[in-house]
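Everything on this sheet refers to the single structure shown next.
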Amino acid sequence: MTRELTCIICPKGCRLCVEGGDNRLTVRGNACPRGEQYAIAECTNPLRTVTAVLRVSNRCDTMVCVKTESPVPKAAMFAVMERLHQTTVTAPVSIGDIVMDDLFGSRIVVTKGAI
Amino acid sequence: MMHYDIVVVGGGPAGMAAAVAAYDAGCTRVVILDREPQPGGILMQCIHNGFGLHKLGRELTGPEYADIYAQEVARRAIPVLTETTVTNITPDRVVTAQSRHGIVKLQAGAVILAMGCRERSRGALRICGTRPAGIYSAGTAQKLINCMGYHVGKRVVILGSGDIGLIMARRMTLEGAKVEAVCEVMPYSGGLTRNLVQCLEDFDIPLYLNTTVAEVHGQKRLEGVTIAQVDGQRRPIPETRRFIPCDTLLLSVGLIPENELTRAAGVPMDPITGGALVDEHCQTQIPGIFACGNVLQVHDLVDYVSEEAERAGAGAAAFVRGSALLNTSINTQPGNGVRYVLPQTITDTTRDVSLFFRVSHPMGKVRCTVRSGADLLTALPRPRVAPGEMERITLSPDLLRRAGDTITIELEELP
């Protein structure tokens, strides 16, 4: 396998080239070791933080904002969104509240509440 | 008339950080005025994460970042007058505002301007075609989706690849819309690399450079746009016109510092930044009026807004206490490859002063030089520079004392 990607660890934006199979990946184009770590993580287990808004069952003028407390697998982003679209909360909700305990390995935490 | 040490106009990240810094520097009679029902400014609709990495060492969403500063404001019992729109500021620092209780007038020892910026709109672009529903500035769509829970559209074209456009491409996609394309009139994106990767590449959204929206189609609702490549003068090339069906066009085509109050007060402006001319304490050329955050210069990271606002807050507090802000005056100016330098004047050569600047176009390896006449004060190598990323050089008192009356920052391309 050969894959080209852009490093996002710092603004330099190295063009990285990853080659190899399942257990043996080599990275070229990285200016520092962090680039190598990033490229291998992106090719083996890419993770993303998902943020979204939830409806508030007893409010019509506001939304509650949430995020995955830890990053979830990139491939699960749309599945996370689908679950969150089906979820409503009831005010009052405060920043830091936990809405779900385990969604693809992460808790769902409130980032903007509703009084 | 009510008297305050410091009146802060705007309760976004700049206003809150400035108020906290002024309070901590000994000015306890501080007030923040904001036209919205709650403080936080634009952060409240920026639900994505990535805020605070530089300043707080944590990756937060916009509302979380705002909440940290709102708590600092509350801990100091600094009053925040919400739904209060400032309508006038005089050079002798009388602030007039419209509030739910009527018109209020405040006499300030110092005024800190922190009004932020607004988006450039369709009218400023002169796009041909009809005027159907479905054309939004990216920030308006962001507010409708994130704060009010509306679905804005199903098939989307985005014009402008600045960070807001990129963030909205991802946001609309995750909400179930199909983003057909992001068009960028320039030969490069103005957004952070991180956003290009995580907002476009992650979702296979195409980015067309040197491309603009040449025409808008549709009577009641938008039915599609014609995009076209542009020539060297950024004019659409007719042979490259191509129709894309869509029901929504988002415009992310630049931010304009919201300086109507500043101009009306007679504060001299910088035509390049769109903000006031300031010294290193963020003081404008009218003594006692300070400016910070996006109303002074459009920033790429909120972390830098907070830092700049802290300098303005400390400077305003020093002005109120009557400690002389020194008045040796060195002017700064942009040279080859540099669009602007801020602050435009330096008044205190006894402390480190940071100069912030933006380059005029992306370049590979460069050397940023700081010269005073023929004297090379310092030089800084950079592996890569881009207009979307603000650069900084800090000058020590030793270097400042060597400088004459003008400092020039220039770029030299390296092989």
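Any read-out appearing in this document is the output of simple, stated calculations on the displayed coordinates, not a laboratory observation. Owing to the predicted nature of the structure, the values given are computational and were not obtained by experimental measurement. Glycine gets a Cβ as well: all are built from the backbone with ideal geometry, and neighbour counts include every protein chain shown.
Taking trypsin sites (Lys or Arg not before Pro) across the stretch B:224-308, the ones in a DSSP loop with at most 14 further Cβ atoms lying within 10 angstrom of their Cβ are B:Arg234, B:Arg241.
Placing unit charges on each Cβ (+1 for Lys and Arg, -1 for Asp and Glu) gives chain B a dipole about its Cα centre, and among B:Thr349, B:Gly288, B:Ile158 the Cα reaching farthest toward its positive end belongs to B:Ile158. Across the stretch B:302-308, computed HN-Hα scalar couplings (Karplus, 6.51 cos²θ - 1.76 cosθ + 1.60, θ = phi - 60°) run 5, 4, 6, 4, 4, 4, 4 Hz from first to last residue, x flagging Gly and Pro. For B:Asn331 and A:Thr6, the FRET efficiency from 1/(1 + (r/R0)^6), where r spans their Cβ atoms and R0 equals 30 Å, is about 0.20.
By how many degrees, between 0 and 90 and to the nearest 10, does the Cα long axis of helix B:62-75 differ from the longest principal axis of chain B? That works out to roughly 20 degrees. Summarising the label geometry, the points placed 7 Å from Cα in the beta-carbon direction at B:Leu144 and B:Asp24 lie 4.0 nm from one another.
In this entry, the stretch A:2-44 is assigned a mean projected area of 2.5 nm², taken as a quarter of its C-alpha convex hull surface. Taking only Cα atoms, what is the 0 to 90° angle, nearest 10, from helix B:13-24's long axis to the longest principal axis of chain B? So the helix axis and the longest Cα principal axis differ by about 20 degrees. Shown for chain A: cysteine residues without a partner Cβ closer than 4.7 Å, namely A:Cys10, A:Cys17, A:Cys32, A:Cys43, A:Cys60, A:Cys65. Calculated from DSSP H runs of 4 or more alone, at -39500 (n - 2.57) each and per residue, what is the 222 nm mean residue ellipticity of chain B, nearest 500? Dividing the helical sum by the residues of chain B leaves -5500 deg cm²/dmol.
Per residue and in Å³, how big is the convex hull formed by the alpha-carbon atoms of the stretch B:297-367? It is 116 Å³ per residue. The Cβ shell under 13 Å around A:Arg28 holds other residues with a net charge of -1, Lys and Arg each +1, Asp and Glu each -1. A Förster radius of 30 Å, combined with the Cβ-Cβ distance separating B:Lys220 from B:Arg120, puts the computed FRET efficiency at roughly 0.75.
Inter-part distance, the stretch B:32-80 to the stretch A:71-90, computed on C-alpha centroids, equals 25 Å. Structural size metrics of chain B, computed from C-alpha coordinates, are Rg and Dmax of 22.3, 65 Å.
The aspartates and glutamates within cross-link reach of B:Lys365, meaning a Cα-to-Cα straight distance under 13 Å and a gap of 8 or more places when in the same chain, are B:Glu412, B:Glu413. For peptide B:130-141, the mean count of partner chain Cβ atoms within 10 Å of a residue's Cβ comes to 0. Taken along the Cα-to-beta-carbon direction at a fixed 7 Å, the label points for B:Asn88 and B:Ser360 span 4.1 nm.
The C-alpha atoms of chain A define a longest principal axis, and helix A:33-44 lies at about 70 degrees to it. The radius of gyration of the Cα set in the protein assembly as shown, together with its Dmax, comes out at 24.0, 74 angstrom. Rg/Rh, computed from the Cα trace of the stretch A:13-66 with Rh as the Kirkwood radius, has the value 1.36.
For A:Arg83 and A:Arg34, the FRET efficiency from 1/(1 + (r/R0)^6), where r spans their Cβ atoms and R0 equals 30 Å, is about 0.40. If a spin label sat at a point 7 angstrom from the Cα of B:Met390 along the line to its beta carbon, the backbone N atoms of the stretch B:328-368 nearer than 14 Å would be those of B:340-344, B:354-359.
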